[in-house]
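Engineer: Here you go, one structure.
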Amino acid sequence: MSEILDVVNEEDEVIGTADREEVHRAGLLCRLIYVCFYTADGNIIFQKRSLTKKNDPGRLTTAASGHVSSGQSYIEAAVRETFEETGITVNEHDLVDLGVIRADYTQGRYISNAMRGLFAYKFDGNLTDLKIEEEDGAGFVVLSLEDLEAQFSTNPEKFAMLLSDQVGKALIQHIRELL
């Protein structure tokens, strides 16, 4: 059995639970988080997804992302996922809460209907400080905000489907405001 997730309604209220596989097979509304690492000089750090991932294999996504486990808050999941996917220990006060956005997409048989909690983290370290999560990650890539905006237009297939749409645009706007 896979991870148990909370199933939520349109108001982001928990209405039940289901295992992760069922959530994405049936298109149930769940909760996900995305942690965008940015630097003081306006760069964004992306994680390259493993080629073995079910959705968006080999594409760039936020430095950390993942499911909110049943009973967890968005911020708790963001702290957990940040450590699991980057090796960086953060606490709730290190993360800037950018709000929750509803976004849905389908890739083949993988249906991702979710309330997506967005967070930002000002990263002061070096790229070599980041640990690649075994089996899930394939490295990290740094892009300036200007390069990112250009590549969203010219090479959207390089990015996780979600980032090339409304979530990516919202993240760019929030990071600009933080800088």
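Engineer: Based on DSSP, what percent of beta bridges with both residues in the chain are antiparallel, to the nearest 5?
Structural biologist: 75
Engineer: Also: Can you compute 3J(HN,Hα) from phi for each residue in region 81-90, using the Karplus curve 6.51 cos²θ - 1.76 cosθ + 1.60 with θ = phi - 60°, rounded to whole Hz and x for Gly and Pro?
Structural biologist: Calculated HN-Hα couplings, in order: 5, 4, 5, 4, 9, 10, x, 8, 8, 10 Hz.
Engineer: Another question, if that's okay. Students often check this: by mean Cβ neighbours within 10 Å, which of 143-150, 55-62 ranks highest, and how do the rest follow?
Structural biologist: Descending mean neighbour count gives 55-62, 143-150.
Engineer: Are any of the pairs Lys122/Lys169; Lys48/Lys169; Lys131/Lys169; Lys48/Lys122 more than 22 Å apart by Cα-Cα distance, and if so, which?
Structural biologist: Lys131/Lys169
Engineer: Amide H neighbours of Val7 under 5 Å, counting only residues 5+ apart in sequence or on other chains, H built in-plane at 1.01 Å?
Structural biologist: Those qualifying (amide H under 5 Å, at least 5 residues apart or on another chain) are Ile15, Gly16, Thr17, Ala18.
Engineer: Here is a further query. Under 5 Å between amide H atoms, partner at least 5 residues away or on a different chain: which partners does Ser50 have, H built in plane at 1.01 Å?
Structural biologist: Gly58, Gly137, Ala138
Engineer: Oh, and also: Among Asn126, Gly58, Leu95, pick out the residue whose Cα is farthest towards the positive end of the charge dipole of the chain, where Lys and Arg carry +1 and Asp and Glu carry -1 on C-beta, about the Cα centre.
Structural biologist: In the chain, that residue is Gly58.
Engineer: Go through 64-73, 100-109 and give me the packing order, highest mean Cβ count within 10 Å leading.
Structural biologist: My ranking of the peptides, most packed first, is 64-73, 100-109.
Engineer: Related question: Using amide H atoms built 1.01 Å from N in the peptide plane, name the residues 5+ places from Ala64, or on other chains, whose amide H lies under 5 Å from its own.
Structural biologist: Long-range HN contacts for Ala64: Val35, Phe37.
Engineer: With viscosity set to 1.306 mPa s at 10 °C, what whole-number translational diffusion coefficient in µm²/s follows for region 71-170 from Stokes-Einstein and a Kirkwood radius over Cα pairs?
Structural biologist: Approximately 104 µm²/s, per Stokes-Einstein.
Engineer: A further question on this structure: Based only on Cα atoms, what mean projected area does the convex hull of the chain have, in nm²?
Structural biologist: Result: 9.6 nm².
Engineer: Moving on. Let me know the charge dipole size of the chain about its Cα centre in debye, to the nearest 20, where only the beta-carbon of Lys, Arg (+1) and Asp, Glu (-1) is charged.
Structural biologist: Taking the Cα centre of the chain as origin, the dipole is about 520 debye.
Engineer: Follow-up question, since we're still on this one. Post the alpha-carbon centroid distance, region 14-38 to region 90-131, in whole angstrom.
Structural biologist: Measuring centre to centre over Cα atoms gives 13 Å.
The numbers here are math on the coordinates, done by the rules we state, and not lab data. As the structure is a computational prediction, the values presented were derived from the model and not from experiment. Positions of Cβ are backbone-derived with ideal geometry, glycine not excepted, and every protein chain shown enters the neighbour counts.
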